[in-house]
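Down below is the structure, laid out as structure tokens.
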Amino acid sequence: TIPVCETRNGSPYAEVVVRNLGTDSRAYNVVVVFAENLGGTDTTVAEVGIDTATVQPGASRRYKATAAVDLRHELLCSYRTAAGFTPN
């Protein structure tokens, strides 16, 4: 999940929580996508890859993502992950 999605000093900032819902320890690859809403159209302005440390079954880890991009419009944050990942 992305509990924090905001602009800090004019640049996008997000905090991502990765939770392992499986029964085995595993690491994940998460791509945070920062976009701006331009008149009803979402335009991607940056993507930030996060390779997580190993997450134990039932545990969560929090990661931060930011990009050196000047925003001019409303910020939107989303993510995509490697195959097999189940978001909480």
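The values are calculated or read from the model by the stated rules, or taken from the named source; none is laboratory data. On a predicted model such as this, the values are computed, not experimentally measured, just so you know. Because the Cβ atoms are built from the backbone with ideal geometry, glycine has one as well, and the counts that use them run over all protein chains shown. Note: areas computed on protein heavy atoms with side chains; ligands, DNA, RNA excluded. Shrake-Rupley method; radii C 1.70, N 1.55, O 1.52, S 1.80 Å.
Per-structure values
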{"quantity": "Subset of region 65-86 (residues that are farther than 15 Å from residue 51 by Cα and at pLDDT below 80)", "calculated": "86"}
{"quantity": "Unmet requirement for residue 10, which otherwise passes all of (1) on the phi < 0 side of the Ramachandran plot; (2) surrounded by fewer than 16 Cβ atoms within 10 Å (Cβ to Cβ)", "calculated": "(1)"}
{"quantity": "Scope region 1-28; condition over 19 Å from residue 71 (Cβ atoms) and aromatic (Phe, Trp, Tyr); matching residues", "calculated": "28"}
{"quantity": "Any chance residue 62 is in a strand (DSSP E or B) and modelled with pLDDT of 95 or more", "calculated": "yes"}
{"quantity": "Of all residues making up region 23-47, the number that are out of contact with any Lys or Arg (no Cβ under 8 Å at 6 or more places or on another chain), among the β-branched types (Val, Ile, Thr) and open to solvent by less than 30 Å² (accessible area, probe 1.4 Å)", "calculated": "1"}
{"quantity": "Lone qualifier among 18, 55 - being touching a residue at least 40 places away in the same chain (Cβ under 8 Å) and open to solvent by less than 30 Å² (accessible area, probe 1.4 Å)", "calculated": "18"}
{"quantity": "Qualifying residue in region 16-32 (condition: part of a strand (DSSP E or B) and in contact with a Leu (Cβ under 6 Å, 6 or more places away or on another chain))", "calculated": "no"}
